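In what follows, a single structure is set out as structure tokens and then discussed.
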4 protein chains.
Amino acid sequence: MDGSKNANRRNLSACIERKDQKIGGKEMIIIMKPTATEKEIQTVIERANDNGLEVQVNTGSAQVVLGLIGDTRSVQDVAFKSYDGVEDAVRITNTYKLTSREFHPDDTVVDVDGVKIGDGSFVTMAGPCSIEGLDQIRICAEMAKKGGAKILRGGAFKPRTSPYAFQGLGEEGLKQIRQAADEYDMKVITEVMDEGHIDMVAAYSDIIQIGARNMQNFKLLSAVGKTGKPIGLKRGISGTISEWLNAAEYIAVEGKSPIIFIERGIRTYETATRNTFDLSAVPIIKKFSHFPIIVDPSHGTGVWDLVGPMARAGVASGADGMIVEIHPDPKNAWSDGPQSLNEKTYVQMMKEVEILVDAMKKIRQLETI
Amino acid sequence: MDGSKNANRRNLSACIERKDQKIGGKEMIIIMKPTATEKEIQTVIERANDNGLEVQVNTGSAQVVLGLIGDTRSVQDVAFKSYDGVEDAVRITNTYKLTSREFHPDDTVVDVDGVKIGDGSFVTMAGPCSIEGLDQIRICAEMAKKGGAKILRGGAFKPRTSPYAFQGLGEEGLKQIRQAADEYDMKVITEVMDEGHIDMVAAYSDIIQIGARNMQNFKLLSAVGKTGKPIGLKRGISGTISEWLNAAEYIAVEGKSPIIFIERGIRTYETATRNTFDLSAVPIIKKFSHFPIIVDPSHGTGVWDLVGPMARAGVASGADGMIVEIHPDPKNAWSDGPQSLNEKTYVQMMKEVEILVDAMKKIRQLETI
Amino acid sequence: MDGSKNANRRNLSACIERKDQKIGGKEMIIIMKPTATEKEIQTVIERANDNGLEVQVNTGSAQVVLGLIGDTRSVQDVAFKSYDGVEDAVRITNTYKLTSREFHPDDTVVDVDGVKIGDGSFVTMAGPCSIEGLDQIRICAEMAKKGGAKILRGGAFKPRTSPYAFQGLGEEGLKQIRQAADEYDMKVITEVMDEGHIDMVAAYSDIIQIGARNMQNFKLLSAVGKTGKPIGLKRGISGTISEWLNAAEYIAVEGKSPIIFIERGIRTYETATRNTFDLSAVPIIKKFSHFPIIVDPSHGTGVWDLVGPMARAGVASGADGMIVEIHPDPKNAWSDGPQSLNEKTYVQMMKEVEILVDAMKKIRQLETI
Amino acid sequence: MDGSKNANRRNLSACIERKDQKIGGKEMIIIMKPTATEKEIQTVIERANDNGLEVQVNTGSAQVVLGLIGDTRSVQDVAFKSYDGVEDAVRITNTYKLTSREFHPDDTVVDVDGVKIGDGSFVTMAGPCSIEGLDQIRICAEMAKKGGAKILRGGAFKPRTSPYAFQGLGEEGLKQIRQAADEYDMKVITEVMDEGHIDMVAAYSDIIQIGARNMQNFKLLSAVGKTGKPIGLKRGISGTISEWLNAAEYIAVEGKSPIIFIERGIRTYETATRNTFDLSAVPIIKKFSHFPIIVDPSHGTGVWDLVGPMARAGVASGADGMIVEIHPDPKNAWSDGPQSLNEKTYVQMMKEVEILVDAMKKIRQLETI
């Protein structure tokens, strides 16, 4: 059985791989020596361009890494390794490349208009599930700020299972969250579900969120990748980590927008929680990608009194931040009330998180010894 | 635990429900008496319109059923039941309505340019995963026809996990599948993934397919619902049956396109098959909806020698048809080779299916006795 | 990611495999030529015994196959293939062997005191979830017989999630089901959960059932394997097919009891059904093992009006039989009422099943042409 | 759909509940006033005994709570609430009772021969997957102790998917782990799989472990519950939290052995990890039960470099300890090598864990303010 199962899996991937070779081939990464000159780098780029390949240049802290995109079969015989200034040329067996840790060994720090994500700090994004009006989002911004959040969350376009459910306030909501965030000197993260709304959402927000249902809406991924805004990419409802990394690649390949992964729980048989919060995703993403990852304990559990413990666990797992749902009056929230924190429970959680963030700093110092 | 879990679930749905009541309210269905006159029906419609509600009219074999869409709170006090010609007025507790069996007690038969789906026959759609060129799709059409398929499948736009994988031939592929189908007097089903391509895809195909990854791409659902073409709606990779019915409602609410549900397996822990083929979905969909359902044993199993047995099981479960992947040379297919049937195995399967289709006719006669 | 995932999987299996080599090694199967003499067979057996290996002899319809159990490293250099009468010597990479189709290419037909399972017929086992008393089990036997079932099911020991729930009537129940079955000339299948009860259960039943929760209760598997009674082995609640085959091997290795696999649905995220009925397991088990497999549409769905359609699908998938729950008054059953058929729905289902069994006979004749 | 799904669930639980009422009824808990006298308590106990009920007495820090076991229908009319010294009498709707937080509002601290689990400290159990010999287990004990573990783990009886895999050293292994633990002043936790081995395992160990495959081996649960030793109860491979609490009840109802829950990951579709580590289980178990819970990041992830981050997350989630696999030479471990830490990675993890344990102490002080 195992034998046959593995054989079957091999066949499946063989099939895809063979196809890829026919059309595109495995991608190639050229790692330049730390001492490589600008001219040596340029020579490699020109050689690749001559072979019809596009080149993405990644200037790391120590050395330059070049990503070759296109049909790299044409350069299989080219001895890039023998070029001056080239340390190594490796073919990537992953189906993602620009997202991979190999391509970019250093952590990518995402700069959200001054707020840094991925630099070792722990950034909190807080706010209501849905923007319900200017008063509500203002109160939420005040609450969020009081607890220490730097980024305000809130949905103006809501993906709803039923077409008859509340679909969000639309542009009016976007204006309200922008105004509330500005009043409290916060940044804005909000979701876009429709390619036609991207410009509008980009105009009002600092991070564009792709929701779980759209993790493999490839057209939308490519489109938001052109905005240059940081993209908060939620894991799909039953997305594998491999699919998630490949989804990020659809954004990364556009070459403009950095990515923030958001773990929000996966669909399993367990009904005690809304989703099963898969915190192992944090160290796995950090191992395979250079982009930061934050956690969403609200959707990850679906139950307000589990949010605090799982936020703490998120910090300790090594996440770069979190996104949580708060509401001044959860019982009367228009959506997601059962998983929203009120002011008291939110502020309590943030105090606990702060203690753990300090502990994690000590742990990171351990590591560097 | 159970107590609290249920309480939690109740809270979740209570939250959504309360919100719905605030914004829209539960929907209402008015069942007219078989003897109701046109005028009586018109009076009810006008009364609903006066209250700001849109009305969808369903003319069944025995009686007219009206679906009231909008904020039905305004008509809570209106005694529709006392109107002449009204048999009953019921509020729907489902979040879907036009898709529900209550709204349309008879089976809906989808007419695909002369080929009927849902009328008790068993319709086969066959073809390659990807359109690879005119020659290939022609050979596939010949094979498909030979086995008895009436509809030709084939992808011109392929959703691929990796941005570097083959994405399909695009419009060129659409032209090729249309030409091949016409030569063999077949109909065409093909997938659309991008709202911007809907008109193009509709121009070349008879059924528009929504793929598993897009089951909850609500924007795309609404857009295809406006075409008037039958929509083949695949179940999401981890879609619940309830979510699937609600996704159909996004199409149905546009009022133009009939729906064909396509069961294609769900994501589970089992790795012996690509997906776990959930045939129970067939009688469940038939219980809760009036639209037909077909099965996809190719994606449902992912292994070619399981396709035949599962196609047979699909017939016996009561499905209205199936969609299968065939290829003249599966080992060299550009995608999904391991789950594709070659001519010999496909023709063998179709003979077996025919025997079971006959058996199911006998069984349906039993039922009517 | 994929690369690393596969590497990780390889490591896991490498680890187990290396360990197995240290302790036991891969198992070996010697396939004798159809023309091999008794003496030639004996020579091979003695040679294996000399190397400290136990030998299981399987006398197939065409040829003898020998299974070598123990540390086969010692015979790695022995050229069994060069022995007279030996057709081939193969090392099994599966972790199961006696259960495998390679070891026993013909179908094993299980003889339940005259009732054959696995010979191309379709055998029905029917009865209540729990034995509730002599009257109830007698009525059930009468119902079961009326519909055409040859084997009576019913639990005297019930595995219950809570220690306070009804645990079954024990030996009293066993006596009652035996008496009822005898009165209606039926055989008995009933579950054993406790090693200490095996002799008692064996005394009253014709097939001993291992429940889903005990699929990997290895001690119990070994113990029932010593009884010589046919064992009905239910798939675990979240058992993989590979684990299930290996669980069967624990029974098979005792060398006495034939096995009947019972597919009863697996645990997934879907809540519309009690379990997700995985009918693909039928052709997979038939591919990898020679033992028969039956299906349990009652537990597979958990909803009475899905049982009929899924029983039909089970026949069409190629199963050798089924086990279903019936009750004279499901609403007042002590357990599993919602998934039990009453007399009318059960008899209707059996008529439908009969039509499909006839159809499958025609299909099998097709195959042999 | 949702309506029908819930109706179906209601039916299922209604069925079980009705049955329970027939046989046993809902259980009852009598909460005595803090001021209740011994005589008042005795009166209640006698009244319950007179009605054929067994009484479990729980002497909490503030007040006595009585659990009534048996057919409490007989006392439905008895006005326990009116008895002197009685604060409240509540029927438990959970199917577990002695395990519930309602029955025992204070945390239960499990005393493992002087090592306290559940008192706010964080206890580490470390050791190899399998005991491979005295030298190996001694080296492991030394490593474990060096990192700060107080309890030595190691398997002498191994549940293995295949009957041909290494099954453990048996009693010889038990002697070795006991000797190694004594040399390093540690306690022993080891698994029992077979009722017949319980006395033997109890003789050598301080905590008896029930493995994931046996979570619902009800006979084994009852049997270990009679030993009086603390029981480490692993969550089943796909066990729900509700089933897990009920499994604990099978032990608790024997009235002798305290329970330590062990979260070890659940089976999901994700293959990047061996299991999906469900840390939300920690605060849920603490909410619904008074018994301590520890985490197993080794099985929870299956990958050694994820063990450290998930151990940290476990501390932060509020767990009372952890159990981890270590090995002097993981590459050559007889089992579970890929998930085992070597000395360097284990000691590093323990330093990190210590920093987080200190942080959690600060957090607990916050809570008490």
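With the simple spin-label model, which puts each label point 7 Å out from Cα in the Cβ direction, the A:Ala62 to A:Arg101 separation comes to 1.4 nm.
With solvent modelled as a 1.4 Å probe, how much accessible area in total do chains A and B shield from it at their shared surface, in Å² to the nearest 100?
Numbers: alone 17380 and 17430 Å², together 30000 Å².
Answer for the A-B pair: about 4800 Å² buried.
What are the semi-axes of the equivalent ellipsoid for chain B, taken as the square roots of 5 times the Cα gyration tensor eigenvalues, largest first, in whole Å?
After diagonalising the Cα gyration tensor, the semi-axes are 38, 22, 21 Å.
Other protein chain C-beta atoms within 10 Å of residue C-beta, averaged over C:296-307: 3.
Entry note, chain B: the mean residue ellipticity at 222 nm calculated from DSSP H runs of n ≥ 4, each adding -39500 (n - 2.57), is -12000 deg cm²/dmol after division by the residues and rounding to the nearest 500.
Tell me, what are the semi-axes, in whole angstrom and largest first, of the equivalent ellipsoid of the stretch C:188-233 as set by the roots of 5 times the Cα gyration tensor eigenvalues?
On the way: eigenvalues 42, 23, 17 Å².
Values for the stretch C:188-233, descending: 14, 11, 9 Å.
Net charge of the neighbourhood of C:Glu87, taken over other residues with C-beta under 12 Å away and scored Lys/Arg +1, Asp/Glu -1, is -1. Against the main long axis of the alpha-carbon atoms of chain C, helix C:241-252 sits at an angle near 80°.
Please state the relative contact order of the stretch C:110-367 as a whole percent: Cα pairs under 8 Å, 6+ residues apart?
Details: 562 pairs, mean separation 46.8, N = 258.
RCO, the stretch C:110-367: 18 percent.
Using the C-alpha gyration tensor of the protein assembly as shown, what are the square roots of 5 times its eigenvalues, in whole angstrom, with the largest one first? List each step's numbers first, then the result.
Values: eigenvalues 390, 348, 313 Å².
Working through the eigenvalues yields semi-axes of 44, 42, 40 Å.
What does the average come to when, for each residue of peptide A:236-249, you count the partner chain Cβ atoms lying within 10 Å of its Cβ? Write out the running numbers ahead of the final one.
Details: counts 4, 9, 11, 5, 11, 6, 10, 5, 3, 5, 8, 3, 1, 4.
Mean shielding count: 6.
Normalised Debye scattering of the stretch C:76-182 at q = 0.11 Å⁻¹ gives log10 I(q)/I(0) of -0.59, counting only Cα atoms as equal scatterers and leaving out solvent.
Scanning chain C for the beta carbon that comes closest to the axis linking it by rotation to D yields C:Ser238, 2, distance in whole angstrom. Relative to the dominant Cα principal axis of chain A, helix A:171-183 is inclined by about 80°. Surface listing: D:Trp244, C:Trp304 arranged by accessible area from highest to lowest gives C:Trp304, D:Trp244, probe 1.4 Å. Ascending distances from the B:Asp111 label point to its copies in the other chains, with the point 7 Å along the Cα-to-beta-carbon line: 6.1, 6.4, 8.4 nm. Against chain C, whose longest principal axis is taken from its Cα atoms, helix C:2-23 shows a tilt of about 70°. Probe radius 1.4 Å, ligands and nucleic acids ignored: give me the carbon and sulfur share of the accessible area of the protein assembly as shown as a rounded percent. Here carbon and sulfur together make up 48 percent of the probe-accessible area.
Restricting to bridges with both residues inside the stretch A:110-367, how much of the DSSP beta-bridge set is antiparallel, in percent to the nearest 5? Bridges in the stretch A:110-367 are about 15 percent antiparallel. For D:Lys256, the distances from its label point to the matching points in the remaining copies are 3.1, 7.2, 7.5 nm, ordered from shortest, with each point set 7 Å beyond Cα toward Cβ. With each label modelled as a point 7 angstrom along the Cα→C-beta vector, the A:Thr37-D:Lys226 pair spans 8.6 nm.
Quantify how strongly other chains surround peptide C:355-361 by giving the mean number of their Cβ atoms within 10 Å of each of its Cβ atoms.
6
Measuring from centroid to centroid over Cα atoms, what is the spacing of the stretch D:321-369 and the stretch B:144-195 in Å? Distance between centres, Cα-based: 54 Å. Annotation for the stretch B:225-250 versus the stretch C:250-315: alpha-carbon center distance of 29 Å. Straight-line cross-link reach from C:Lys226 at under 12 Å between alpha-carbon atoms covers these aspartates and glutamates, not counting any fewer than eight positions away in the same chain: C:Glu195, C:Asp199, C:Glu254.
Secondary structure note: in the protein assembly as shown, about 45% of the DSSP beta bridges are antiparallel. Extending 7 Å from the Cα toward the beta-carbon at both A:Asp185 and B:Asp50 defines two label points whose distance is 5.9 nm. The contact residues of the stretch B:254-269, meaning those that lose at least 10 Å² of 1.4 Å-probe accessible area when all protein chains sit together rather than their chain alone, are B:Ile266, B:Arg267, B:Thr268, B:Tyr269. Provide the net charge surrounding D:Lys33, with neighbours chosen by a C-beta distance below 12 Å and charges set as Lys +1, Arg +1, Asp -1, Glu -1. Charge balance near D:Lys33 sits at -3. Projecting 7 Å from Cα along the Cα-to-Cβ direction, the label point of C:Glu46 sits 8.1, 8.3, 10.6 nm from its equivalents in the other copies, listed shortest first.
The alpha carbons of the stretch D:116-262 occupy a box of 43, 39, 27 Å along the principal axes, longest dimension given first.
The values are calculated or read from the model by the stated rules, or taken from the named source; none is laboratory data. Since the model is a prediction, treat every value here as computed from it, not as a measurement. Methodologically, a virtual Cβ is constructed for each residue, glycine included, from the backbone with ideal geometry; neighbour enumeration extends over all protein chains shown. Note: areas computed on protein heavy atoms with side chains; ligands, DNA, RNA excluded. Shrake-Rupley method; radii C 1.70, N 1.55, O 1.52, S 1.80 Å.
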